[in-house]
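Colleague: Mind having a look at this structure? Questions to follow.
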Amino acid sequence: IVYGNTINLRGIGPYATLTLINGHRSVAQGTTGASIDPSIIPMLALQRVEVVADGASAIYGSDAVAGVVNLIMRRNVKGAEGFVRYGKGDGYDERQVGALFGHEWKGGQFTATFQHDYQSPLSGRDRDYYRGDLRDRGGRDYRTNQCQPGTIIIGGTNYAIPQGGVTAANAGALVPGTANMCDNLKYYDLLPEQERNSAAFTFNQDLGNGYKLYADGFGTRREYYQHRALTASNLNVPSTNPFYVRPPGAPAGTSQTVAYSFGDQLPTNDASGFSRSFQGTVGIDKDLDNGWKVGGLYTYGINDDQNATYRGLLNAEVNAALRDTNPATALNVFGGPNNPETLDRISRSVSISPGETVFQNAALKADGPLFDIAGGTVRAALGYEHQHIRTEGGQTTGPKLTPETGLVQLGRNINSVYGEIAAPLVGAANAIPGIHRLDLNAAWRYDRYSDVGSTNNPKLGVNWSPVKGFTVKGSYGTSFRAPGLTQIRGFALNGLGGLYVQNYSDPTIGGALRVGVTRNGPNDNLEPETARTRSIGFELEPSWGRNTRISVTYFDVLYENQVTGYLSDL
């Protein structure tokens with residue numbers, strides 16, 4: 001809800017890709033701390049992006065279902081760089097300014113980057129294809145009858161309120177079977193206005209005797225503002241309302257529904273908010289005499305996000321204003337003017353959704369040669385990783401002066417151990433016809449979660465080159481992803497979820513809109529997601545093509561018990 005981005009390998013889902021920064025984990029963004037937004041790193045700070053496009057849970061973590069994306073930041077830069085970028089489209093523009101500074105000294109370096117980004121909003125009114133009436137394109141008419149003036153609905157019959165409004169004196173202008181149709185969503189921003197300021201750094205220092213110290217970090221703040229649809233609703237008007245109009249032939253003394261848009265009478269229920277993250281990592285590596293390298297690192301990160309909407313309707317106040325019998329203060333939804341104080345009273349709701357995630361990660365690792373075989377040197381890697389995640393969030397909703405607040409704090413610890421062996425079974429020294437090279441890679445990882453149990457995930461990979469320049473690759477592995485903390489226990493008021501009242505397109509009445517209610521919230525019976533990944537392919541490096549590489553890969557991912565949330569299908 002704070003309009004962030006995620007990397008989604010294979011299109012399997014935004015939470016199935018593990019995103020790393022310089023090979024280590026990072027604090028997640030979003031009010032629920034669900035995933036990494038890669039745009040937290042300034043563009044100039046990126047040296048390259050590495051992608052492992054098949055399941056890599058055995059090495060990097062059980063949640064790497066679709067694969068791993070590693071954002072590698074620049075180091076060893078001398079001097080300064082900068083860039084300015086501006087782009088413009090119909091009804092939209094964006095700009096970026098960035099600068100990088102780097103300095104090296106004997107045995108060390110420091111690189112710092114800053115970037116400013118801005119993008120204007122893109123309104124639905126600036127794109128003619130964004131509309132509700134799709135009949136000329138083979139679709140349906142999804143416009144709404146919640147307009148200004150609106151539509152009276154009584155006894156299952158619609159009556160369009162004429163321009164200028166309707167009173168008892170001109171009730172004969174109401175024609176049965178008619179409805180005003182409009183496109184309130186056109187006022188929605190397809191892209192919100194956003195501004196981001198971000199900075200990042202890397203640091204290295206050779207300490208001597210094989211010890212190397214390194215550090216990296218980033219800080220970013222993004223703010224946004226989004227214009228939303230006009231405030232509209234189906235309102236139940238009692239016959240005692242002083243502006244009540246009975247259509248000719250309709251039964252007397254009954255309440256009626258008026259599908260109504262407040263239009264320019266009320267400010268739109270716009271959304272605004274921010275996302276800010278800060279993180280630092282420090283680590284030390286040691287090169288041993290036997291070719292092994294050992295090291296450890298510690299990461300601390302914090303993310304603070306918030307989404308807020310104001311000026312929404314207060315249902316209790318709306319109903320009270322409709323029941324009001326005083327013409328000076330009652331709500332008029334039949335096309336006439338309204339008392340500004342009445343409009344202010346019915347639209348003073350607030351909805352604020354904050355979220356804070358604190359992430360700590362400690363890791364120990366070692367890798368190096370084990371022994372030599374005919375095809376080459378067998379190498380191994382092993383490590384331990386501890387993660388501590390604390391997420392706090394909730395909602396503040398209700399009248400602006402007396403809202404109700406509910407905050408929930410959730411936590412999780414994850415302890416993991418992993419091992420990997422790379423064995424060159426056949427190499428240059430023992431190649432035979434049909435087997436120019438044969439490499440075997442086997443890995444295993446054990447993860448124990450403090451709240452959802454433990455998992456073992458293996459991976460096996462084989463690279464076979466029958467001839468030089470042609471390699472067949474295959475892999476098999478499993479994955480396990482625990483449901484998100486808020487998916488199990490939730491952030492809604494008291495952690496119980498909530499009811500959402502909104503418009504639904506009903507196919508049983510030609511796609512017309514109904515007001516419906518849906519429940520959305522956590523599920524403490526959720527089980528972890530599991531996946532089985534397989535891939536096979538080939539890679540060709542032809543002798544006739546300098547620096548040419550051609551590869552084809554077939555992948556098969558069986559993703560089961562995937563956890564998703566559908567608030568509604570509009």
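Colleague: So if I check each of Asn234, Asn290, which one is in a strand (DSSP E or B), more than 30 Å from Thr113 (Cα to Cα) and out of contact with any helix residue (DSSP H, G or I) (no Cβ under 6 Å at 6 or more places or on another chain)?
Modeller: Just one listed residue meets the conditions, Asn234.
Colleague: Within segment 115-135, is there a residue that is over 31 Å from the mean Cα position of the chain (by Cα) and surrounded by fewer than 14 Cβ atoms within 10 Å (Cβ to Cβ)?
Modeller: Looking for residues that are over 31 Å from the mean Cα position of the chain (by Cα) and surrounded by fewer than 14 Cβ atoms within 10 Å (Cβ to Cβ), one finds at least one in segment 115-135, hence yes.
Colleague: Filter segment 336-362 for residues that are more than 30 Å from Gln163 (Cα to Cα), of a type outside the set (A, V, I, L, M), open to solvent by less than 40 Å² (accessible area, probe 1.4 Å) and touching a residue at least 60 places away in the same chain (Cβ under 8 Å) and give the result.
Modeller: Step one: list which residues in segment 336-362 are more than 30 Å from Gln163 (Cα to Cα), which gives 350-362.
So of that shortlist, the ones also of a type outside the set (A, V, I, L, M) come out as 351, 353-357, 359-361.
Narrowing further to those that are open to solvent by less than 40 Å² (accessible area, probe 1.4 Å): 351, 353-355, 357, 359, 361.
Across segment 336-362, the qualifying residues are Ser353, Pro354, Gly355, Thr357, Phe359, Asn361.
Colleague: Cβ-Cβ distance below 7 Å, separation of 6 or more or different chains: which pairs start in segment 306-335 with a residue that is within 15 Å of Thr257 (Cα to Cα) and end on one that is open to solvent by 40 Å² or more (accessible area, probe 1.4 Å) and aromatic (Phe, Trp, Tyr)?
Modeller: Final answer for the pair search is Asn332/Phe243; Phe334/Phe243.
Colleague: Out of all the residues in segment 249-269, which are assigned to a loop (DSSP other than H, G, I, E, B) and either crowded, with 17+ Cβ neighbours inside 10 Å or in contact with a helix residue (DSSP H, G or I) (Cβ under 6 Å, 6 or more places away or on another chain) (or both)?
Modeller: Ala250, Phe262, Leu266, Thr268, Asn269, listed by residue number.
Colleague: Here is a list: Gly375, Gly383. Which entry is surrounded by 17 or more Cβ atoms within 10 Å (Cβ to Cβ) and touching a Phe, Trp or Tyr at 6+ places or on another chain (Cβ under 9 Å)?
Modeller: Gly383
Colleague: When the residues of segment 466-489 are filtered to those that are part of a strand (DSSP E or B) and in contact with a Lys or Arg (Cβ under 7 Å, 6 or more places away or on another chain), which remaining residue is least open to solvent (accessible area, probe 1.4 Å)?
Modeller: The first filter runs over segment 466-489 and keeps only residues part of a strand (DSSP E or B), leaving 466-467, 470-481.
Then keep just the ones that are in contact with a Lys or Arg (Cβ under 7 Å, 6 or more places away or on another chain); that gives 475-478.
Values: Ser475: 24, Tyr476: 106, Gly477: 3, Thr478: 33 Å².
Among those that are part of a strand (DSSP E or B) and in contact with a Lys or Arg (Cβ under 7 Å, 6 or more places away or on another chain), it is Gly477.
Colleague: Okay, next question. Within segment 293-345, restricting attention to residues that are assigned to a helix (DSSP H, G or I) and among the aliphatic types (A, V, I, L, M), which residue is nearest to Gln360 (Cα to Cα)?
Modeller: So in segment 293-345, the residues assigned to a helix (DSSP H, G or I) come out as 315-323, 340-345.
If we keep only those that are among the aliphatic types (A, V, I, L, M) as well, we get 316, 318, 320-322, 343.
Values: Ala316: 45, Val318: 47, Ala320: 50, Ala321: 52, Leu322: 53, Leu343: 48 Å.
Filtering first and then ranking leaves Ala316.
Colleague: State which residue is nearest to Gly87 (Cα to Cα) when the search covers only segment 122-139 and only residues that are in contact with a strand residue (DSSP E or B) (Cβ under 8 Å, 6 or more places away or on another chain) and in contact (Cβ under 8 Å) with a residue 12 or more places away in the chain.
Modeller: As a first pass, look at segment 122-139 and keep what is in contact with a strand residue (DSSP E or B) (Cβ under 8 Å, 6 or more places away or on another chain): 122-124, 126-127, 130, 132-135.
Then keep just the ones that are in contact (Cβ under 8 Å) with a residue 12 or more places away in the chain; that gives 122-124, 126-127, 130, 132-133.
Numbers: Leu122: 13, Ser123: 17, Gly124: 19, Asp126: 17, Arg127: 18, Tyr130: 22, Gly132: 29, Asp133: 31 Å.
Looking at residues that are in contact with a strand residue (DSSP E or B) (Cβ under 8 Å, 6 or more places away or on another chain) and in contact (Cβ under 8 Å) with a residue 12 or more places away in the chain, I get Leu122.
Colleague: Within segment 404-413, which residues are touching a Ser or Thr at 6+ places or on another chain (Cβ under 7 Å) and open to solvent by less than 50 Å² (accessible area, probe 1.4 Å)?
Modeller: Hits for segment 404-413 are Leu410, Arg412.
Colleague: Just wondering, is there one or more residues in segment 26-46 that are under 21 Å from the mean Cα position of the chain (by Cα) and assigned to a strand (DSSP E or B)?
Modeller: At the first step, the residues of segment 26-46 found to be under 21 Å from the mean Cα position of the chain (by Cα) are 26-43.
From what's left, assigned to a strand (DSSP E or B): 29, 35.
Within segment 26-46 (the criterion being under 21 Å from the mean Cα position of the chain (by Cα) and assigned to a strand (DSSP E or B)), the answer is yes, since at least one residue qualifies.
The values are calculated or read from the model by the stated rules, or taken from the named source; none is laboratory data. Quantities reported herein were computed from a predicted structural model and do not represent experimental measurements. Note that each Cβ is placed from the backbone with ideal geometry, even for glycine, and that neighbours are counted across all protein chains shown. Surface accessibility is based on the protein's heavy atoms, side chains included, excluding ligands, DNA and RNA. Shrake-Rupley method; radii C 1.70, N 1.55, O 1.52, S 1.80 Å.
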